[in-house]
Ligand SMILES: Nc1ncnc2c1ncn2[C@@H]1O[C@H](COP(=O)(O)OP(=O)(O)OP(=O)(O)O)[C@@H](O)[C@H]1O
Ligand SMILES: Nc1ncnc2c1ncn2[C@@H]1O[C@H](COP(=O)(O)OP(=O)(O)OP(=O)(O)O)[C@@H](O)[C@H]1O
Ligand SMILES: [Mg+2]
Ligand SMILES: [Mg+2]
């Protein structure tokens, strides 16, 4: 199909080559971001201010972190619908543990924070462990596995809290990890940066990193090449929910309460962020840098539309249309990639 | 991987052959249904009554119809996340059209009903047309395409209604298509049966039906064999949202109002129904009969738990766990299938 | 015609349990300048919040101030609501009116906004923050209680027991838990017996399912009590099963569907918290604060239970947006 | 191998299996097989499709686990739980089904699972270096940074081979490595095998090509239906003996004699066609009824692209294609098939078959619009089953179970399933792209026979092949491709090995 269209006009291909070459190198997203920036700057004078951009950055952090994990799941050819539940569960459990510790020893704030974060992240990751086990060892389809765990996890979170928010965390937690900032940059942004860099090194500098791509590219081939496919799949889902859990704790810090009702839109939004970043749902294709941009893009558009006072019904329409256009644009790009390959 | 484990004990395989043979022929679902029936009958005396079973059947009808459409999308190797929006949009548009006509000519009830249904189904199918165009002609990934259309469609539905239910449909509509019954069987059940039979004939008795499987099985091979793959993909999504739209109209009749806030859980539930029915997310595999049972199973479990007075937090946990178990059980079955193929 | 004076209750402090006095609310005539007020709702997907929207925007028009309404898209979107409010503020709002998704989840944010010296008014749902400038709300617990009291009055202790199925709404939502507690408290010691509590999303579809299954589980039910959606969904189901006379329906808040039901004698009763008025008062409070005029820190319309008897002398414009009202997202 | 084998030094036992059995669901793929391999020998595994060759070697290579039996390496019993372990013991294999990751580059694939590391991190420089070294050593002209899915099947085959080569090699297993190689690369490969055997490496070599057995084989072990039949000396054993052992019956010569009637009117007429992606330029050719036309050329010479373009799967940038005197330039495959023009692709897995669907559906796919498969509106299940069953018998599919998923058949039988499509409706022109890739001698004979039968019946045949003997024995006329151009048209007496080969490289020589 695509092959036909890739090459309709060799002549043109030769002429506009230079533009395309950039286009191909850097991908579609930078362009989209640029366009979005320009449009919204024109639509609202409060948009292109350092404060607002920082604001966008902080708002996008949570989706960004989740998307990093989601990317791993997509790379191996699956996906993880349970990230939303993981966010909720880690938030609830983390908050409870932190509150409890704070009550037990009111003067040891940092201990409480540490214990809480560890508990929350552990709880969230547990869901990943179950997902991983199901997918890797029992060969359950990632869709069903993570969908099932979504409702299991949500049920547990509600059961723990009875639906009411969990309070009583040390104020410092919110002040630092929710609203604190260093050198004018919000703390959550540092956390996200740290995670992204760590994952980057893991993905692109270590053999295991490659195996994610290999498993997604062709499981059979990978195992014939001596890659431990089961192990790879397992850690994929553990890592995925680890990231979601961290995001959950940061969100908790921001909300100052443990909430069972957060993260519902995370699964689809994170997958969307990955897909507009060119991550293939068939597995084996996708770059981390782009995923970061993808999450930023979604955050930027939502913020921009709010500032431009686009009424919210229209916003959902616009956002949907944008996602589709972004992917179509990426399709076009891929066709050039083919034509420029050699 | 799987192949190894199948062969651990050829002896045993020979012995328990008979049980397995049924198991394989009819699949895992009938067993699950049976188990569910027994368990819930023990847990609640109101469960195994003709009235309640009929009630379950009627409740499951809506998911069932949507799942039929969803199955087509899955067969061709994609999926359709916009079915929920289609349900909502058709409900709203259908109700508005029906109410308007009813006001215009109060005495021609049937005209109003016909016009309303046509309008609703047309509106819903439009989303399918866009999805189909995007997937088939622009090669957008079904995930992004349908996700995008989800928010577009939902925005439109909200915009039309402002979130307020649409009243003013002729009472006859609800009385007949919502709550009416013939020979003790609810009308919606007849509709579903009709659609299922129609689709069955289309899928298994016509060449085009076979092509859905071919496209999902191997697009390249299909087009090399002269299958019109683009066309097939296109009608896949149109049909999918057609089914969702019909379900939307039936739901409207049941609720007696046009609602923009219905169907949110349809996308995932319908895919779940298909997957526990053994439809492969990679495309090319799955039987219609089983999908019907899959939808029934989900409905039955939800109803059973309500009757068994299981606490609603726990319900979500149980449902999630059940889905996973169902799929694992199916995995085990698939391992036998190969050995008993002949 | 003007909506005021309107009977309200005024609390001493922000605390719901502080002493309260009844009085009539009188808003400002006009604002001195066109203040820019940001209004954030959990969502705009049902008639309840449409009513609030109507109140807020109408009042903004009446006072001659700008209003910009944002909605997060649902009760699971706390993070979105926070982002939206932040965006509002960076867009230069003078005051913020919040219909909160979470009771505590927005406290940090409120603190931050207040530190910029921007007034924050809490409308409808309630927040626990100490730094709120004003509250225009009634406790949803009392709404539940009103519904409960109504039933308790019908079935005082000693009378033969009334079996009630109770549908508070989506598990976890703050207002649901509040309503639940209120209701439970009010029927304490009466002959009303809650045979089952079924949480569930306030989609009509979900509620219908719950109701039908409950009817199967409890054939001898007397009352269906729950959200407005539950009541609306119950009407056709009961009609179709010919149970309309056996099983009565009560809602614990008010929507057009409920109004219709009551007027047609399909729904027994429902308390109203005069949603529109709460919205109006919130805007008035915001303007008063901005203009340094004196204002009441914590106001809420008097609750009244609308029944089939008093329906005719009930003014729906205090609770519902008029038919055909389209949601307004910004007032210039 | 023979030339290098030095009688003085006694070759000693390297690898052996005892009572090796493998039970697949429903199939006993291996039945108590004993096999042994000496150092420095090339031991050929020979047998029909589905005989169990691949299964045996996949167990030796650690990719598969035996149901019973044991492996002895240098006399010591070993068990391989993974390909990794087998490699650690110096056993590596080129599998029949590729073990390449399409989205990854050549170099990434070469070292997948065994990346050179520095301090825990992948040593990219080393990878690039090593990759170049191996590729040069093997004389394959591939770029380390090329993506696998941009290579032709033949080029992928080379990568697959390169992957198996490593310094610490003691046993090298090759499962039909030349299946889609042309003589050029094949010669290279054989030289390499020579060097390896000289170093004392033992080679297990699976092929269906007699000529290769002669050239490099030392001993031949024949399998049938998963059972060990016999081990014979490669040089002394005659072709008929082998075929006899293999099939258990007597098969005549592989190539049928071509007594084709004189060609009828022109069916396909290609006029100065250039393919848009530049893989073919200014190709002009014609095919007549009852002719079998060969297309020869190096890998990537564009021989299949041209036909794919005519069939409508690749865009044509200039020129015209006429089929039965009607212009069909740019027509979609659908129209061409209904007009009587079929192209059967070279890569059955990725382009030919729906692996998870049954033989029946795969065979019938292209003809569901006509009897006996349907009445135009509704399918005719009975008719379909009969028709396909008949075809399965005619091509002796084994096992003959048309409801089985294609995935569960051996390579050769999958090929049969795809070729069967040529017989599901009447065609005036059929293009076979590498029709005998991985097909055993017996089946080959029958495939050749039915190609010739088709031709006799007046169908025009185009045979794209990298197997020179096929071109020489089976075609009446052949076009030789070179870098996307038709280099020469050779017919009748000129159709000799030297003649064709000379056109393969001409320019490179100059
Ligand atoms: N994964 C599998 N599941 C079930 N049966 C299998 C599987 N793989 C192979 N078989 C069966 O095992 C037998 C041997 O297969 P194998 O691939 O070893 O044959 P082969 O000798 O390599 O044939 P070819 O020359 O066509 O490659 C065949 O009957 C095949 O159908
Ligand atoms: N998908 C693709 N993308 C880019 N280039 C390709 C693609 N497929 C093939 N090519 C290039 O096109 C050229 C012709 O490939 P082709 O398949 O025609 O080889 P061939 O002549 O058929 O040889 P064989 O059939 O023996 O493999 C080769 O250089 C190959 O690298
Ligand atoms: Mg083989
Ligand atoms: Mg080729």
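Values in this text are rule-based calculations from the coordinates and carry no lab data. Since this is a predicted model, take the numbers as computed values, not measurements. With ideal geometry, Cβ positions are generated from the backbone for all residues, glycine too; neighbour counts draw on all protein chains shown.
Brief remarks on what is shown
- For residue A:137, inter-copy separations between label points set 7 Å beyond Cα along the Cβ vector come to 5.0 nm, shortest first.
- For chain A, built as a Gaussian network whose Cα springs stay under 10 Å, the top-fluctuating residue of A:257, A:316, A:85: A:316
- When DSSP beta bridges are restricted to pairs lying wholly in the stretch D:140-277, around 55% turn out antiparallel.
- Across the identical copies, how the residue B:45 labels are spaced - nm, sorted shortest first, 7 Å along Cα→Cβ: 7.6
- Square roots of 5 times each gyration tensor eigenvalue, C-alpha, the protein assembly as shown, largest first, Å: 66, 34, 31
- For the stretch B:227-259 versus the stretch D:121-174, the gap between their alpha-carbon centres in whole angstrom: 51 Å
- Each residue in D:286, D:150 was given a count of other beta-carbon atoms within 10 angstrom of its own, and listing them fewest first yields D:150, D:286.
- With helices as the sole contributors, chain B gives -24500 deg cm²/dmol at 222 nm; each DSSP H run of n ≥ 4 counts as -39500 (n - 2.57), and the sum is divided by every residue.
- For chain D, averaging the sequence separation of C-alpha pairs within contact (under 8 Å, six or more residues apart) and dividing by the residue count gives a relative contact order of 16 percent.
- Label point 7 Å beyond Cα along the C-beta direction, distances from residue B:111 to other copies (nm, shortest first): 8.1
- Cα-based helix-to-principal-axis angle, C:275-290 vs chain C, degrees rounded to 10: 20 degrees
- Springs between Cα atoms under 10 Å define the GNM used for chain B, and in it the highest mean-square fluctuation of B:170, B:30, B:188 occurs at B:30.
- Compactness relative to 2.2 N^0.38 Å, alpha carbon Rg of chain D: 0.99
- As computed over chain B, the Cα convex hull volume per residue (Å³): 161 Å³
- Taking one quarter of the surface of the convex hull spanned by the alpha-carbon atoms of the stretch C:163-292 gives a direction-averaged projected area of 9.4 nm².
- Cα centroid separation, the stretch C:128-193 to the stretch A:44-91 (Å): 38 Å
- Residue C:302 paired with residue D:385, simple spin-label distance in nm, labels 7 Å along Cα-to-beta-carbon: 8.2 nm
- Within the stretch D:5-247, percent of DSSP bridges classed antiparallel, to nearest 5: 60 percent
- The relative contact order of chain B, computed from alpha carbon pairs under 8 Å that lie at least 6 residues apart in sequence, is 33 percent.
- Largest GNM mean-square fluctuation among C:128, C:240, C:102, using chain C with Cα springs under 10 Å: C:240.
- Taking only the C-alpha atoms of chain C, Rg followed by Dmax gives 19.8, 61 Å.
- C-alpha center-to-center spacing [the stretch D:446-510, the stretch B:296-329] in angstrom: 65 Å
- For chain C, the 222 nm mean residue ellipticity estimated from helices alone, with every DSSP H stretch of n ≥ 4 adding -39500 (n - 2.57) and the total spread over all residues, rounds to -11500 deg cm²/dmol.
- Neighbour counts of C-beta atoms inside 10 Å place B:71, A:105 in the sequence A:105, B:71, starting with the fewest.
- Computed from Cα atoms, the angle from the helix A:266-276 axis to the main principal axis of chain A rounds to 20 degrees.
- Using the Cβ-Cβ distance between residue B:311 and residue C:10 with R0 = 41 Å, the FRET efficiency computed as 1/(1 + (r/R0)^6) comes to roughly 0.55.
- Note: relative contact order over chain C, using C-alpha pairs below 8 Å and six or more positions apart, is 22 percent.
- Here the protein assembly as shown carries DSSP beta bridges of which approximately 50% are antiparallel, counting only pairs with both residues inside.
- CD proxy at 222 nm, helix term only [per DSSP H run n ≥ 4: -39500 (n - 2.57); per residue of chain D; nearest 500]: -9000 deg cm²/dmol
- Ranking of C:175, C:11 by neighbouring Cβ atoms within 10 Å, starting from the fewest: C:11, C:175.
- Fully extending the segment from residue D:493 to residue D:68, taken as 0.36 nm per residue of separation minus the present Cα-Cα distance, adds 147.5 nm.
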